[in-house]
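Single-structure report; data block below.
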Number of protein chains: 2
Amino acid sequence: MPEEPAMDRADPTDVTLFVCTTCRRAIGESGDFERPGEPLHAALADRLAGVAGIAVTATECLSVCKRPGTIALSGGRRWTYVIGDLDLAAHLDEIVAGALAYREAPDGIVPWRERPQCFKKGVVARIPPSPLGVADVRAAPVSSSTAPSEAAE
Amino acid sequence: MPEEPAMDRADPTDVTLFVCTTCRRAIGESGDFERPGEPLHAALADRLAGVAGIAVTATECLSVCKRPGTIALSGGRRWTYVIGDLDLAAHLDEIVAGALAYREAPDGIVPWRERPQCFKKGVVARIPPSPLGVADVRAAPVSSSTAPSEAAE
């Protein structure tokens with residue numbers, strides 16, 4: 001009997017960490033470029049392998065092409081966050097810590113002071129959870145209009 | 001017997017059009033500012049009232065503060081899109097058309113040529129649907145790694 005795919009065992013409140021592997025970054029003045037999302041994805045997948053509640057997924061183009069590398073965090077009833085300007089060498093530990101803190105927040109809103117510096121500086125956008133698109137909408141209505149402003153903090 | 005709330009009748013594949021009502025835009029050199037999202041939200045709610053499958057919702061801060069006004073579109077198994085640099089007077093008809101086209105796309109990816117100009121120019125980010133967060137994940141697995149690149153079009 002074949003083993004059940006991993007996704008069928010997933011908890012719908014789990015977090016997905018998307019890593020854009022498409023965006024390009026110039027290498028000096030050479031005219032060459034690199035794709036910083038590829039090694040970033042590999043490193044994050046390695047660091048978060050076996051960590052409960054977070055799946056790391058490579059994705060093509062988050063449309064933040066001017067601020068590579070870029071990630072997005074979503075899942076369950078959480079606000080989705082898009083973070084850019086990330087660098088493997090500088091930010092790997094911070095991204096891992098930020099993803100773990102996000103996992104612990106049922107609404108996805110980690111208190112400002114507890115966010116990694118690269119998440120504060122690199123935030124590209126945040127989006128409320130859909131009030132319609134999830135099965136548990138009746139049990140947990142979205143309070144998108146009362147969520148604290150990010151800009152005010 | 002009390003009437004059932006509208007949300008309980010909603011289809012989980014419905015679209016939500018979020019409009020940020022927080023971000024500020026300077027008025028000339030006066031030092032004063034306006035919040036362009038407020039009238040934009042009112043106009044979109046009016047234009048889309050009674051339109052099936054799209055709910056217009058005001059939200060506080062999509063964290064795109066430098067590109068007001070800002071909207072986001074999400075729902076069902078669709079990619080989420082965040083669009084900035086929107087202006088009520090210039091773009092109302094285009095935003096309505098873009099939202100209707102988005103509603104018709106099960107994956108949320110409207111062909112590039114069919115997108116309103118303000119959606120092409122104003123795109124801030126797009127995020128795949130969560131592979132874990134929706135009830136119908138087994139029936140419709142996410143193909144986030146094979147979605148066409150936005151940048152290449």
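Annotations for the structure displayed:
- In this assembly, the B-A interface accounts for approximately 3500 Å² of buried accessible surface in total, computed with a 1.4 Å probe and without ligands, DNA or RNA.
- Estimated Rh, the range B:57-96: Kirkwood, alpha-carbon pairs, angstrom: 11.1 Å
- Considering only alpha-carbon pairs that sit under 8 angstrom and 6 or more positions apart, the relative contact order computed for the range A:12-130 is 28 percent.
- Other residues with beta-carbon under 14 Å from the beta-carbon of residue B:95 carry, at +1 per Lys or Arg and -1 per Asp or Glu, a net charge of 0.
- Residues whose placed amide H lies under 5 Å from that of residue A:58, excluding near-sequence neighbours: A:19
- Local net charge near residue A:36, Cβ-Cβ under 14 Å (Lys/Arg +1, Asp/Glu -1): 0
- The range B:69-106 and the range A:70-128 have their alpha-carbon centroids 24 Å apart.
- Residue-span extension gain [residue A:121 to residue A:42] - 0.36 nm each, minus C-alpha spacing: 26.1 nm
- With label points set 7 Å from Cα along Cα→Cβ, the inter-copy distances at residue B:112 are 3.9 nm, sorted shortest first.
- Of all accessible heavy-atom area on the range B:12-130, the percent that carbon and sulfur account for (1.4 Å): 52 percent
- A compact globular protein would have a Cα radius of gyration near 2.2 N^0.38 Å; the ratio found for the range A:12-130 is 1.02.
- Residues in the range A:28-122 average 46 Å² of solvent-accessible surface per residue, probe 1.4 Å, ligands and nucleic acids excluded.
- Ranked by the mean number of other Cβ atoms within 10 Å per residue, highest first, peptides B:12-24, A:16-28 order as B:12-24, A:16-28.
- Complex-versus-alone comparison for the range B:83-130, residues with a loss of 10 Å² or more in accessible area, probe 1.4 Å: B:123, B:124, B:125, B:126, B:127, B:128, B:130
- Sites residue B:35 and residue B:109 - FRET efficiency at Förster radius 35 Å, r taken between beta-carbons, to 0.05: 0.70
The values are calculated or read from the model by the stated rules, or taken from the named source; none is laboratory data. Since we're looking at a predicted model, the values are computed, not measured. Quick reminder, even Gly has a Cβ in these numbers, built from the backbone with ideal geometry, and neighbours come from all protein chains shown. Heavy atoms of the whole protein, side chains included, go into the accessibility calculation; ligands, DNA and RNA do not. Shrake-Rupley method; radii C 1.70, N 1.55, O 1.52, S 1.80 Å.
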